Amino acid sequence: MIVDLRVYTCVPRRMAEWVALYEAEAWPVQQKHLGRCVGWYTTMEGALNKIVQLWAYDSQADRETRRAAMAMDPDWRSFSEKSAKLGAFMSQENSILRPVPFFEISSGQFGGR
């Protein structure tokens, strides 16, 4: 298993608007194609205006297959265009994480699916 850690930095005062757009249009598409969200957060203290997402996959190949299918979905393309027009992001960081041998994500551990 791997986890895709995604950190987005938003333009100040634009995060709530983007999260609302995401919830309405992107979340259903990502649930359909990506499936295993193990964390979705916004920062309250420290470095502000950040959105943090964690997505679990069986392997890098699984991740690539799922993300490619999502990229072809017309609903994802529509969301991506609206998100770009909103102009809410300053930067994005991605990291692929591998759990240590003694840790395993259990279903429901993070309140997700």
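Scoring Glu93 on the criteria (1) under 16 Å from the mean Cα position of the chain (by Cα); (2) over 27 Å from Val11 (Cα atoms) leaves a single failure, condition (2). Out of curiosity, is Glu25 of a type in the set (D, E, K, R) and either open to solvent by less than 40 Å² (accessible area, probe 1.4 Å) or more than 18 Å from Arg6 (Cβ to Cβ) (or both)? No, not satisfied. Take the conditions open to solvent by less than 70 Å² (accessible area, probe 1.4 Å), out of contact with any strand residue (DSSP E or B) (no Cβ under 9 Å at 6 or more places or on another chain) and at positive phi and apply them to Gly35. Does it pass? Considered against the rule, which asks whether it is open to solvent by less than 70 Å² (accessible area, probe 1.4 Å), out of contact with any strand residue (DSSP E or B) (no Cβ under 9 Å at 6 or more places or on another chain) and at positive phi, Gly35 comes out as no.
Examine the stretch 21-32 for a residue that is β-branched (Val, Ile, Thr), assigned to a strand (DSSP E or B) and touching a residue at least 40 places away in the same chain (Cβ under 8 Å), and state whether such a residue exists.
No: zero hits.
Reported count of residues in the stretch 27-70, each being under 22 Å from Arg98 (Cα atoms), hydroxyl-bearing (Ser, Thr, Tyr) and within 14 Å of the chain's Cα centre (by Cα), is 2. Reported count of residues in the stretch 1-15, each being open to solvent by 70 Å² or more (accessible area, probe 1.4 Å) and modelled with pLDDT of 95 or more, is 0.
Of the residues Arg6, Arg77, Arg66, the single one that is in a helix (DSSP H, G or I), under 22 Å from Glu104 (Cα atoms) and not hydroxyl-bearing (Ser, Thr, Tyr) is Arg66.
When Gln92, Gln53 are checked against the criterion of being of a type in the set (S, T, N, Q), in a strand (DSSP E or B) and surrounded by 17 or more Cβ atoms within 10 Å (Cβ to Cβ), a single residue qualifies: Gln53.
The values are calculated or read from the model by the stated rules, or taken from the named source; none is laboratory data. None of these values were measured; they are calculated from a predicted model. Glycine gets a Cβ as well: all are built from the backbone with ideal geometry, and neighbour counts include every protein chain shown. The area values use the complete protein model at the heavy-atom level, side chains included, leaving out ligands, DNA and RNA. Shrake-Rupley method; radii C 1.70, N 1.55, O 1.52, S 1.80 Å.
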